[in-house]
Amino acid sequence: MPLPIEDYAIVGDTETAALIGRDGSVDWLCLPRFDSPACFAALLGDESHGRWLLGPADEAVSTRRYVGHSAVLETTHRTATGSVRVVDAMPVNDGRADLVRRVTGVEGTVRMRHEWIVRFGYGRISPWVRRVDVHGTRVISAVAGPDRLNLRGDRLPHAADHVHADEFDVSAGDELTFTTTWLPSHRPPARPLETDHRLVDTLEAHERWAARCSYDGPHREAVLRSLLTLRLLTHSGTGGIVAAPTTSLPEDFGGERNWDYRYCWLRDAALTLEAFLACGYSGEARLWRDWLLRAVAGDPCDLQVMYAVDGGRDLPERELDHLPGYAGSRPVRIGNAAVAQRQTDVLGEVMAALHIARELGLEDSHDSWALQRALVDELADTWEKPDNGLWEIRGPQQRFTHSRVMVWVAFDRAVRAVEEHGLTGSVERWRALRDEVRAEVLDRGFDESRNTFTQHYDTAAVDASLLVLPTVGFIDGDDPRMLGTIEAIEAELTENGFLLRYRTETGVDGLSGEEHPFLACSFWLVSAYAQAGRLDDAGTLMERLLTLPNDVGLLPEEYDPVRQRFVGNFPQAFSHLTLVGAAIHLEAAVAASRGGAL
């Protein structure tokens, strides 16, 4: 059986990230980028598909934490004979791709197991492995095609049956350090990493970034850990923000709902940007805006909903038949066919995020506003078409209410850019379309008999995405129509105390199988409660949601409340950014209520 998803933690260098199990096994790592092929892929198979294990050989009780406000992971393993501490980190800001693992004896003696099993190409390719001297140090070098991994360490494992393995004792006071370094196979080997210096620098870099957080309200530690996680998912070189560092962790165990999230969705990235901006991180806005300009450059009608980390457009979806999948969930997919979908809401999220950045003083360059203006003009010609919606349904396209509301947002923020910031554009046309879209939504996307907005124009069903209508300014949170929508969503989408996105049995998404509660939706409900004045309900739900992060503060896409286990790709940006938003909305609502009482 695989480790539960909640037993993993993430370490990263803001260019890629590794998932490390509680047992000390690196079971997922793509190098050198988030969307590169994995060289350790046991997460979606077993050890034969590649892993790097550094853990106790005997039964142990293991506890973990991040060191301070950093992404440096510290795991303590306690066995019957002693305890050791393992520190895992990926140094940042040095243009390299290294994973450092250091084991230190704390008390007694612990027998350690070390396995280094490299399988390039998502666990399919066994490399040419040999021992070589590099800059006066003996290393194990694994090469296949364009990739090379070098393992350095105080004690190198031995080869047997295409596996490098070793067992050794670590006593109190002992310290052994190992590093795995990626580099292109055609380049000379990198010099040894100055591990002591780089570990200190990395800790300090994380702490400096965390210290910039301006949020000082309730649940600050959970907010800050979420922000740090979102930072790990942001490529520091390109500015691309990935939805998650993994692919094909299932939404339905044993089923087909397995997707590749290692790409940059405009929607998710824009919402991540809003979370950063709300907490004082304005520099991230400029970095992402520049990525956006490069990624979508060209004809506005060619706008995609997602891009590669470097802004690349070609993300063909294919299945990896050699991998059995997490818990037997197949197919394992790389690439994502949703790249070709029409998702009309996306520009609304982008324009909303850039509007917030503008309000906070990030001035538009000539190019950035020219791009926004061209995209809004293109939307003005095409907004009436049905789409696949933010949930990327693979069934027939619909006129989704959420999508239409975000069309309204796009036109509204464009109008305000002209009216409030002196920019130029087709403001009269945009203003007229804003009014037209709003009238259409209120006419066709609202069910007067049930007093609720609906998922799309041809259904009576609701959708959790409707909860964001007050947040984006379409309707007041305490408007009777919004109060009725909240009540309908509570009644129809609540499952064991948490919210589903929608009811899969309606067949709207064109897929078989079922889903579990989608965590972002429950955080949206906290925000909706707060904006509706239901502060007790908001606080109660927020407290319940904050019992869900694992022992190091990470969240998945979905949660199974019956089996109490994580579901879906992990860690998930959408879950963490909505946690941040819920905390901010709740704090603001509580402060407003106290001000009103005074």
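The values are calculated or read from the model by the stated rules, or taken from the named source; none is laboratory data. All values reported here derive from a predicted model rather than from experimental measurement. As a convention, Cβ positions derive from the backbone with ideal geometry for all residues, glycine included, and neighbour counts pool all protein chains shown. Note: areas computed on protein heavy atoms with side chains; ligands, DNA, RNA excluded. Shrake-Rupley method; radii C 1.70, N 1.55, O 1.52, S 1.80 Å.
Below is a table of values for the structure above.
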{"read-out": "Yes/no for Y261 being buried (at least 24 other Cβ atoms within 10 Å of the Cβ), of a type in the set (F, W, Y) and touching a residue at least 40 places away in the same chain (Cβ under 8 Å)", "value": "yes"}
{"read-out": "Test: residue in segment 263-274 that is acidic (D, E) and over 29 Å from R220 (Cα atoms)", "value": "no"}
{"read-out": "Selection count, segment 28-65, where residues are open to solvent by 30 Å² or more (accessible area, probe 1.4 Å) and part of a loop (DSSP other than H, G, I, E, B)", "value": "8"}
{"read-out": "When residues of segment 335-346 are limited to those that are open to solvent by 10 Å² or more (accessible area, probe 1.4 Å) and hydrophobic (A, V, I, L, M, F, W, C), the one nearest to G312 (Cα to Cα)", "value": "V339"}
{"read-out": "From E487, E505, E514, residue being modelled with pLDDT of 95 or more and surrounded by fewer than 23 Cβ atoms within 10 Å (Cβ to Cβ)", "value": "E487"}
{"read-out": "Filter result for the condition that a residue is open to solvent by less than 40 Å² (accessible area, probe 1.4 Å) and either on the phi < 0 side of the Ramachandran plot or of a type in the set (A, V, I, L, M) (or both), over D412, D381", "value": "D412"}
{"read-out": "Residue check for A165: more than 36 Å from the chain's Cα centre (by Cα) and of a type in the set (G, A, S)", "value": "no"}
{"read-out": "Matching residues in segment 148-158 - criterion: being in a loop (DSSP other than H, G, I, E, B) and surrounded by fewer than 17 Cβ atoms within 10 Å (Cβ to Cβ)", "value": "D154, R155"}
{"read-out": "Within segment 207-247, considering residues that are among the polar types (S, T, N, Q) and assigned to a loop (DSSP other than H, G, I, E, B), the one surrounded by the most Cβ atoms within 10 Å (Cβ to Cβ)", "value": "T246"}
{"read-out": "Which listed residue, of R198, R208, R220, R262, is in contact with a Cys (Cβ under 9 Å, 6 or more places away or on another chain) and over 23 Å from D35 (Cα atoms)", "value": "R220"}
{"read-out": "Only listed residue being within 30 Å of T506 (Cβ to Cβ), open to solvent by 50 Å² or more (accessible area, probe 1.4 Å) and touching a helix residue (DSSP H, G or I) at 6+ places or on another chain (Cβ under 6 Å), chosen from D443, D458, D478, D387", "value": "D478"}
{"read-out": "Members of segment 159-199 that are hydroxyl-bearing (S, T, Y) and open to solvent by 30 Å² or more (accessible area, probe 1.4 Å)", "value": "S171"}
{"read-out": "Exclusive hit being in contact with a Gly (Cβ under 6 Å, 6 or more places away or on another chain), over 19 Å from P571 (Cα atoms), at pLDDT 95 or above and of a type in the set (G, A, S), set S185, S214", "value": "S214"}
{"read-out": "Those strands (runs of 3 or more DSSP E) lying entirely in segment 71-147 with at least 2 residues of a type in the set (D, E) and touching a helix residue (DSSP H, G or I) at 6+ places or on another chain (Cβ under 8 Å)", "value": "98-117"}
{"read-out": "A278 being crowded, with 19+ Cβ neighbours inside 10 Å, modelled with pLDDT of 95 or more and under 20 Å from the mean Cα position of the chain (by Cα)", "value": "yes"}
{"read-out": "Count of segment 66-87 residues which are closer than 24 Å to L227 by Cα, surrounded by fewer than 23 Cβ atoms within 10 Å (Cβ to Cβ) and touching a residue at least 24 places away in the same chain (Cβ under 8 Å)", "value": "8"}
{"read-out": "Total residues in segment 532-586, condition surrounded by 24 or more Cβ atoms within 10 Å (Cβ to Cβ) and either in contact with a Gly (Cβ under 6 Å, 6 or more places away or on another chain) or among the acidic types (D, E) (or both)", "value": "3"}
{"read-out": "Segment 358-374, residues that are modelled with pLDDT of 95 or more and open to solvent by less than 10 Å² (accessible area, probe 1.4 Å)", "value": "Q372"}
{"read-out": "Segment 159-173, residues that are in contact (Cβ under 8 Å) with a residue 24 or more places away in the chain and assigned to a strand (DSSP E or B)", "value": "A159, V163, H164, A165, D166, E167, F168, D169, V170, S171"}
{"read-out": "Evaluation of T202 against (1) in a strand (DSSP E or B); (2) crowded, with 20+ Cβ neighbours inside 10 Å (one fails), failing number", "value": "(1)"}
